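Bear in mind these aren't lab numbers, they're just calculated from the coordinates by the rules spelled out. Model, not experiment: these values are computed from the prediction. A quick note on method: Cβ atoms are made from the backbone with ideal geometry, for glycine too, and the neighbour counts reach across all protein chains shown.
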Amino acid sequence: MSYRATVLLIALIPVATLAQQSTSLTPQVRVETTQGSFVLELDTVRAPLTSENFLRYVRDGYYDGTVFHRVIPNFVVQAGGFDASLMPRQGRAAIPNESGNGLSNRRGTIGLAREESPHSGSSQFYINLMDNAGLDPLPSRWGYTVFGRVVEGMDVVDRIAHLPTRTVTLIGPDVPVEAVVIQRAFVVETATSAEPRTEPAPAPTPPGPETSR
């Protein structure tokens with residue numbers, strides 16, 4: 001049977017409460033992997049629920065020891081749901097979808113992976129390798145929530161994206177042959193940095209970064 005995270009009761013957290021928990025409106029998280037390190041800057045103003053959800057996982061050490069289990073060149077790299085043995089790691093309850101926050105799935109941005117249901121995102125995240133406008137919301141449907149961007153180490157992310165892959169039962173295709181392990185993820189002090197470099201997006205868009213089952 002394929003693994004599917006159990007979606008628990010969604011608790012709506014007041015934005016004011018989230019603001020009190022963060023010392024900065026743009027907290028940064030350094031992610032150290034077996035392929036190198038990169039730094040993420042979160043947008044707690046436009047994506048307060050999603051940013052705080054991610055920060056809680058970071059503070060709890062949840063991502064330490066997990067792997068990038070989906071890498072697709074010219075699309076996304078995805079992590080946050082499986083350990084180094086490719087066993088599923090149980091996350092917390094799913095959170096509300098914040099994809100209508102004005103942030104677009106452009107190259108270098110980080111988004112929350114989910115299942116078909118729009119409010120099923122939990123621990124799994126992805127980083128856009130190209131401008132993926134097809135993942136943004138439309139008046140007729142929900143999109144995938146963007147809640148930050150890579151401000152350092154995009155070359156590391158690109159390197160991960162071009163690793164050889166294989167198909168793994170219960171996860172699917174595009175799993176790196178050599179495990180890319182997140183050794184440590186932790187909050188660091190914020191700093192001003194340049195916008196991530198963007199490139200034109202390819203015309204066809206693969207299926208969205210759904211939560212692996």
Classified through the alpha carbon gyration tensor (a ≥ b ≥ c as square roots of its eigenvalues; rounded if a/c is under 1.5, else prolate when a/b is larger than b/c, else oblate), region 27-188 comes out rounded
So the FRET efficiency between ALA133 and SER37, C-beta based with R0 = 30 Å and rounded to 0.05, is 0.60
Hits in region 52-68: amide N under 17 Å from the 7 Å Cα→Cβ extension of VAL188, namely 55, 58-59, 64
Per DSSP, the loop-located GluC sites (Glu not before Pro) within region 90-165 having at most 10 other beta carbons within 10 Å are GLU116
Scoring only Lys, Arg, Asp and Glu (+1, +1, -1, -1) among other residues with Cβ under 12 Å from the Cβ of PRO164 yields -1
Classified through the alpha carbon gyration tensor (a ≥ b ≥ c as square roots of its eigenvalues; rounded if a/c is under 1.5, else prolate when a/b is larger than b/c, else oblate), region 63-150 comes out oblate
